[in-house]
Amino acid sequence: MNDLDILKFIRKELSPEEERLFLEWIEESDENRRRFNSLKNLWALTAINPEGVSSTLAETDEEGDRHYRPGLRNRLISFCKYAAIIVVTFGLSVYLCRVNFAPWSKKDIQYYTVSAPPGQATNITLADGTAVTLNSGTVLTYPENYSEKNRRVALTGEAFFEVHHDAKNPFTVTASGIDIVATGTSFNVDAYTEDCQVNVTLVDGSVGLFNEVGENLVTLNPGENVRIAFPSREMEVTQVDTRFYTSWQQGMITFSNRRLEDIARDLERWYSVEIVFTNEACKEIRYSGAILKHKPVDQVLEILHLTSDFTFDIEVIDNKLSRITIKE
């Protein structure tokens, strides 16, 4: 595979057959995987074009770590070119990736895991017809004998569930020790371990949340969100615009009066980078709008920078998470 083929895969420009062959190529060796990850990292962090890929990679190999420092040049042009990053529409297609199944056993029961790699989303349909979309860095675990009568899964990360209706056999998601139980509904669960909280947002139908001993904590109505913080178990239920919690399926990060530090956490997951702040004031900058997730991260930060007072450096580091430093 040449660099252009890799870039076409990243940009979803290959045919189904070409994509199948490409995935087989990635699995052939660790060297192929490293080559793919290196180019994907560069594509995410810089607005490179296909013609410049080979020279860019060669430059990286020779020089080691690279730095990107956006200047003041052409700010107005940049704003016009990338203004579409901040939008309020919700009709983009979900970016799909290959589903990786990894069986494991516990007490003679076989389990399977489905994972969404950093920067991508994964779709899966379970045996009962329930559709699940996994966000970046998410892992879903379910038993080999999952069926219409045994509908239980475990989640680490974020996922949107469209549950096949069956009043006699409830569907259960376990996340951070909380059971989310539904019979037929659609809802979002955000339970990344590092966030120390569980967020459940109900789009339609009804879901109940239960603790480890089976006590009902709350039953949600459509349009409600519940946030449970750990380790305090403090719980807050609010009426919300569900689009702010589910639009990631359409390739967007949507937010309302949200802190830059919280937005940065989403960017870290999606682009597989590390974002650090040099001062507390930058963390508290607030934004409302939406970011297209498939734009390079430098473009995303540039448009945020144009509406507030901060600067940033991007350091591309081979075989490690690239580092973005946000400062005044």
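The values are calculated or read from the model by the stated rules, or taken from the named source; none is laboratory data. Because the structure is predicted, anything quoted here is derived from the model rather than measured. Counting neighbours? That spans all protein chains shown, and the Cβs are built from the backbone with ideal geometry, glycine included.
Just to verify a result, which residue in segment 139-156, among those that are in contact (Cβ under 8 Å) with a residue 24 or more places away in the chain and more than 17 Å from D179 (Cβ to Cβ), is surrounded by the most Cβ atoms within 10 Å (Cβ to Cβ)?
V139
Tell me yes or no: at least one residue of segment 249-259 is buried (at least 16 other Cβ atoms within 10 Å of the Cβ), touching a residue at least 12 places away in the same chain (Cβ under 8 Å), in contact with a helix residue (DSSP H, G or I) (Cβ under 6 Å, 6 or more places away or on another chain) and part of a helix (DSSP H, G or I).
Checked against the condition, which is being buried (at least 16 other Cβ atoms within 10 Å of the Cβ), touching a residue at least 12 places away in the same chain (Cβ under 8 Å), in contact with a helix residue (DSSP H, G or I) (Cβ under 6 Å, 6 or more places away or on another chain) and part of a helix (DSSP H, G or I), segment 249-259 yields no hits at all.
Can you name the residue in segment 138-171 that is within 20 Å of Y245 (Cβ to Cβ) and not hydrophobic (A, V, I, L, M, F, W, C) and is also farthest from the chain's Cα centre (by Cα) among such residues? Break it down into steps so the answer makes sense when it comes.
Kept after step one, since they are within 20 Å of Y245 (Cβ to Cβ), are these residues of segment 138-171: 138-140, 153, 155-163, 171.
Remaining after also requiring not hydrophobic (A, V, I, L, M, F, W, C): 138, 156-158, 162.
On the way: T138: 8, T156: 12, G157: 9, E158: 8, E162: 18 Å.
Applying the filter and picking the extreme gives E162.
Kindly provide the set of residues from segment 284-298 that are on the phi < 0 side of the Ramachandran plot, surrounded by fewer than 21 Cβ atoms within 10 Å (Cβ to Cβ) and either assigned by TED's automatic domain parsing to the domain that holds A116 or part of a strand (DSSP E or B) (or both), ordered by number.
Passing the criteria: R286, Y287, S288, L292.
Which members of segment 130-174 meet the condition of being of a type in the set (G, A, S) and within 28 Å of R269 (Cβ to Cβ)?
Taking segment 130-174 and keeping what is of a type in the set (G, A, S), we get 131, 136-137, 147, 154, 157, 159, 167.
If the condition is that a residue be of a type in the set (G, A, S) and within 28 Å of R269 (Cβ to Cβ), then A131, S136, G137, A154, G157, A159 are the ones that fit.
From the list A264, A281, exactly one residue is surrounded by fewer than 17 Cβ atoms within 10 Å (Cβ to Cβ), aliphatic (A, V, I, L, M) and not assigned by TED's automatic domain parsing to the domain that holds T122. Which is it? Steps first, answer last, please.
Values: A264 fails: surrounded by fewer than 17 Cβ atoms within 10 Å (Cβ to Cβ).
Selected residue: A281, the only one of A264, A281 that is surrounded by fewer than 17 Cβ atoms within 10 Å (Cβ to Cβ), aliphatic (A, V, I, L, M) and not assigned by TED's automatic domain parsing to the domain that holds T122.
Got at least one residue in segment 167-187 being closer than 20 Å to G251 by Cα and either free of Cβ contacts under 8 Å to residues at least 24 places away in the same chain or not basic (K, R) (or both)?
The initial filter retains those residues of segment 167-187 that are closer than 20 Å to G251 by Cα, namely 186-187.
Restricting the remaining residues to those that are either free of Cβ contacts under 8 Å to residues at least 24 places away in the same chain or not basic (K, R) (or both) gives 186-187.
Scanning segment 167-187, I find at least one residue that is closer than 20 Å to G251 by Cα and either free of Cβ contacts under 8 Å to residues at least 24 places away in the same chain or not basic (K, R) (or both), so the answer is yes.
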